[in-house]
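The values are calculated or read from the model by the stated rules, or taken from the named source; none is laboratory data. As the structure is a computational prediction, the values presented were derived from the model and not from experiment. Cβ sites come from the backbone with ideal geometry, for glycine too, and all protein chains shown count toward neighbours. Please note that ligands, DNA and RNA were not included when accessible areas were found on the heavy atoms of the full protein model with its side chains. Shrake-Rupley method; radii C 1.70, N 1.55, O 1.52, S 1.80 Å.
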Amino acid sequence: MGPASGSVTARYLVYFQYLGTDFNGVAAVRGSQRAVGVLNYLEVSSACPPPAVERERPGAGTCGSPRALGLRPSPQGALSPQEAAKRLNSVVPVRFTISSRTDAGVHALSNAAHLDVQRRSGQPPFSPEVLAEALNAHVRHPAIRVLQAFRVPSDFHARHAATSRTYLYRLVTGCHRPDQLSVFERNRCWPLRADCLDVDAMQEAAQHLLGTHDFRAFQSAGSPTTSSVRTLRRASVSPDPGSPFVLAQEKRLHFWNLEFESRSFLYRQVGSALSHLDGGGSGGALRAGPNGSLGLGLQVRRMTAVLVAVGLGALRPAQVKVILESRDPLGRHQARVAPAHGLFLKSVLYENLGKSGLPAEMPSTPTD
């Protein structure tokens, strides 16, 4: 059925963040009673804000307020995405199209998605501020937060239009036992028992990954990706100034940041060769199965693993080039996967959008 006559469709770009510990990745999980994705909550949150928002928001009942937008209080039980869309009174079901997929346990400081809301004839589009407020007010998980929303052209695509994605991987050295890591840092970094890393060697090794290459060695075996050629713009290794959650008597712990920037990464590319070097303790690396069953983000986690192997002295910097050129995802080092909980999607950038996230003008989809 075509759109209702005179109805208005508005497309929005929404930035959101989440702690990935409780989620089976960012994508919505359908038909599962045990697994849940971030979008299971965000799609449900598109239903309406809770009653308090209607009562407390200035101008409730006026044009642009949640009440005037047709948003109604939801029951205590979780709504299906279809029921949520009905509560939003969109002519067509509301779906989030995500920019960047993340694996189970991976976090996002800032991910992005677009969604369409088609209002009925005579009803103006939601303002971006009201849409973001409604999503935040109704999200049913404390580990998800909508950062902002704004209008974009109808042909804008959150995944295809992204010009840059940056991943951050956090490490901590000097953590000999699991109980030596602050409870506030658990599931936020990868604790290594080694007391130090050879950062100069890691930086030298990272230079072999920069530029345009076939990154097949860093993706899952059997990946459906049609092309494994990617351009890595930046790979950096740097000390973290220090976690605010580490007490004075715990100064033996040292935190490290690895950052990778590219327009796109391979599905299941982000982190593998690291774990065998520090296995047997908290957060030890895992070995990926032949079907890459550990999930998304392995390219960055695999590259992180290889660089840490260099930092721990298990690999020489020149061997990273050999691994890259082998194009073999089942090699000894690249078949190891760094733990998901140390990885963060740091940012997704678009043309005409500054790092602050505020648009200079409506972004347009670049042509390939």
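A few notes on this one:
- In the condition set (1) within 23 Å of Asp22 (Cβ to Cβ); (2) open to solvent by 20 Å² or more (accessible area, probe 1.4 Å); (3) in contact with a Phe, Trp or Tyr (Cβ under 9 Å, 6 or more places away or on another chain); (4) modelled with pLDDT of 90 or more, Thr163 is compliant with all but (1).
- All positions within segment 12-35 that are out of contact with any strand residue (DSSP E or B) (no Cβ under 6 Å at 6 or more places or on another chain), at pLDDT 80 or above and either part of a strand (DSSP E or B) or over 18 Å from Ile98 (Cβ atoms) (or both): Thr21
- Near pairs, Cβ below 6 angstrom, 6+ apart or cross-chain, from segment 242-263 (more than 17 Å from Arg193 (Cβ to Cβ)) to any residue that is in a loop (DSSP other than H, G, I, E, B) and among the hydrophobic types (A, V, I, L, M, F, W, C): Phe245/Phe184
- Yes/no for Tyr41 being open to solvent by less than 40 Å² (accessible area, probe 1.4 Å) and either at pLDDT 80 or above or assigned to a helix (DSSP H, G or I) (or both): no
- Residue list for segment 88-131, filter: under 22 Å from Ala161 (Cα atoms), in contact with a helix residue (DSSP H, G or I) (Cβ under 8 Å, 6 or more places away or on another chain) and of a type in the set (A, V, I, L, M): Val94, Ile98, Ala108, Ala113, Val117
- Within segment 235-255, not a single residue is out of contact with any helix residue (DSSP H, G or I) (no Cβ under 6 Å at 6 or more places or on another chain) and within 30 Å of Ser127 (Cα to Cα).
- Residue check for Thr9: in contact with an Asp or Glu (Cβ under 6 Å, 6 or more places away or on another chain), surrounded by fewer than 16 Cβ atoms within 10 Å (Cβ to Cβ) and either modelled with pLDDT under 85 or not basic (Lys, Arg) (or both): yes
- Unique residue being in contact (Cβ under 8 Å) with a residue 12 or more places away in the chain, crowded, with 19+ Cβ neighbours inside 10 Å and of a type in the set (S, T, N, Q) when the list is Gln203, Gln180, Gln219: Gln219
- Exactly one residue out of Ser100, Ser110, Ser121, Ser127 is at pLDDT 70 or above and open to solvent by 50 Å² or more (accessible area, probe 1.4 Å): that is Ser121.
- Annotation note: of Glu133, Glu185, Glu129, the sole residue that is among the charged types (D, E, K, R) and free of Cβ contacts under 8 Å to residues at least 24 places away in the same chain is Glu129.
- Matching residues in segment 100-136 - criterion: being acidic (Asp, Glu) and within 30 Å of Ala340 (Cβ to Cβ): Asp103
- Subset tally (residues that are at pLDDT 90 or above and assigned to a helix (DSSP H, G or I)) for segment 233-256: 0
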